Each structure stands twice: as C-alpha cells, then as structure tokens.
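Peer 1: Pasting a structure below so you can have a look.
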Amino acid sequence: MRRERALKVVLVVVGLIFCGLVYPLMMFVKQDPALAMMMSLYVTLGIFLIMAARNPSANRSLIAFTAWSSFAHAGLMSLQALLNIIARRELIGSAVFIVIGAALIALAPAKQPVEKASVVIAGGISFPPGSGTPAAS
C-alpha cells in the first residue's frame with residue numbers, strides 16, 4: 001500500500017513538473033522551435049501522468065514509457081554535454097531525468113494476472129479458452 005501511495009505521489013509530482021514546462025514553452029516558441037516542440041510533448045505527458053495517478057496499475061505502459069524515455073533523454077543529454085555540444089550545466093538535467101526514471105521503475109506496479117474468460121454462445125454453451133469443444137456443465 002505504501003509503494004502504491006509513493007508511486008501516486010511521484011506520478012503527480014513528475015506530472016506537475018512536466019506541466020510546468022508550459023511557461024518556458026511559450027518563451028521558446030519563436031527563439032528555439034525544436035526545444036518548444038519537445039517541451040510540448042513533456043507538457044502533454046505531464047497531464048497524462050497526473051491522470052495515471054488515479055489508477056497506476058491500469059497505466060503500466062505509460063509509467064514504463066516515462067521511465068525509459070527519461071533514461072534515453074538523460075543518456076543523450078549526458079553524451080551531448082560530455083562532447084561539448086551543449087553546456088556542461090545540462091548534466092543537472094540528466095541527473096533529474098535519471099532520478100525520475102529510477103523512481104518510476106522502482107515503484108512501478110506489478111503486472112496483474114489476467115483471468116481467462118470462457119466464451120458463452122447462444123444456448124448457454126461455453127467454450128473454455130483455447131479449446132474448440134464445449135465445456136461440461
């Protein structure tokens with residue numbers, strides 16, 4: 001129960017951080033269109049993370065995407081900083097993305113077992129999954 005509560009808090013906090021990018025997004029629209037476009041994706045992701053906090057188990061794919069894309073973003077930013085393509089101070093942003101990804105992976109909800117349902121056709125005859133013959137009633 002604590003783990004799920006912690007995950008919900010992380011989802012809301014990360015969602016709010018990403019949504020907070022809407023302000024710099026407006027400033028970068030004309031100055032750096034590519035950066036503004038990337039920020040728009042994070043703002044959108046932030047909205048969906050906040051919504052996912054209601055039922056994290058039903059949003060496992062979104063949580064995994066956020067975690068692994070954060071690792072990918074951090075890796076690329078780190079490489080760019082080390083190659084002096086971007087400023088070294090951007091390594092702080094890489095660290096933030098690594099923390100986000102690690103927190104989401106560590107707190108990710110376990111995969112729920114899926115119940116196999118039998119198929120019921122007209123007349124009340126049921127077919128168990130994977131069989132072509134009716135089940136005994």
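Please treat every number below as a calculation from the coordinates, not as lab data. This one's a predicted model, so the numbers in the text were calculated from it and none came from an experiment. Virtual Cβ from ideal backbone geometry, glycine too; neighbours counted across all protein chains shown.
Peer 1: May I ask you to order 59-65, 95-101 by the average number of other C-beta atoms within 10 Å around their residues, highest value first?
Peer 2: 95-101, 59-65
Peer 1: Quick check: pseudo-label points 7 Å beyond the Cα along Cα→Cβ at M51 and A34, how many nm apart are they?
Peer 2: According to this spin-label approximation, the distance is 3.0 nm.
Peer 1: Okay, moving on. Could you pull out which residues in region 19-53 have an amide N less than 18 Å from a spot 7 Å beyond the Cα of V12, following the Cα-Cβ vector?
Peer 2: 19-20, 46-53
Peer 1: Points 7 angstrom from Cα along the Cβ direction at I86 and S69: gap in nanometres?
Peer 2: 1.5
Peer 1: Let's test the formula: R0 of 22 Å, r as the Cβ-Cβ distance of I105 and V22. What FRET efficiency results, to the nearest 0.05?
Peer 2: Result of the calculation: an efficiency of 0.25.
Peer 1: Also, quick follow-up: Over region 2-107, what is the relative contact order in whole percent, taking alpha-carbon pairs under 8 Å and six or more residues apart?
Peer 2: Contact order relative to length: 29 percent.
Peer 1: For region 1-109, just say rounded, prolate or oblate: build the C-alpha gyration tensor, square-root its eigenvalues into a ≥ b ≥ c, call rounded for a/c under 1.5, and beyond that prolate if a/b exceeds b/c, oblate if not. All intermediate terms of the calculation are to be shown ahead of the outcome.
Peer 2: Values: a/c = 2.58, a/b = 1.51, b/c = 1.70.
Because a/c hits 1.5 or more and a/b fails to exceed b/c, region 1-109 counts as oblate.
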